[in-house]
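Below: the structure, in structure tokens.
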Amino acid sequence: MSPLAEYAISALLVFGGAFTLIGAIGLARLPDFYTRLHGPTKATTVGVGAIMLSSVIYFSAIGEGVGISEVLITVFLLMTAPVSANMLAKAAMHIGVKTVEDTEGKPWEQ
């Protein structure tokens, strides 16, 4: 395996792990449902996407070729995470989940 591939894999793993950690901390620390929803959705799309991309690079570099399952996991992840977050937010708005007092922008309350 070339050193360039090793550096790229390492950088993507560190980046993906850091983004996933930040998303988990955001889930635990943010004050209400709407802000908590933001952290994990970004963590899954960017963090897990970077980790899957590092897996694609690794298996391509060792000579096994691009795995179709890894590419499909990444594509489905990037397609479903934002849609599910949007559905959760709309459902929370519909049933009237409250926000913290200093939250700006409440378009559903008029």
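Can you pull out every residue in the range 13-33 that is open to solvent by 60 Å² or more (accessible area, probe 1.4 Å) and of a type in the set (A, V, I, L, M)? 13, 14, 21, 22, 25, 27, 28, 30 - these are the residues of the range 13-33 that are open to solvent by 60 Å² or more (accessible area, probe 1.4 Å) and of a type in the set (A, V, I, L, M). Of the residues 57, 9, 73, 25, the single one that is in a helix (DSSP H, G or I) and touching a Gly at 6+ places or on another chain (Cβ under 8 Å) is 25. Taking first residues from the range 52-71 that are within 15 Å of residue 16 (Cα to Cα) and modelled with pLDDT under 85 and partners that are open to solvent by less than 40 Å² (accessible area, probe 1.4 Å) and not basic (Lys, Arg), no Cβ contact under 9 Å between residues at least 6 apart in sequence or on separate chains turns up. I'd like the full set of residues that are under 14 Å from the mean Cα position of the chain (by Cα) and open to solvent by less than 50 Å² (accessible area, probe 1.4 Å), limited to the range 49-76. Those that are under 14 Å from the mean Cα position of the chain (by Cα) and open to solvent by less than 50 Å² (accessible area, probe 1.4 Å): 49, 50, 52, 74.
The values are calculated or read from the model by the stated rules, or taken from the named source; none is laboratory data. Just so it is clear, the model here is predicted, and its values are computed rather than measured. All Cβ positions, even for glycine, are placed from backbone atoms using ideal geometry, and neighbour counts span all protein chains on display. When the accessible area is computed, the model is the full protein with side chains, heavy atoms only, and any ligands, DNA or RNA have been set aside. Shrake-Rupley method; radii C 1.70, N 1.55, O 1.52, S 1.80 Å.
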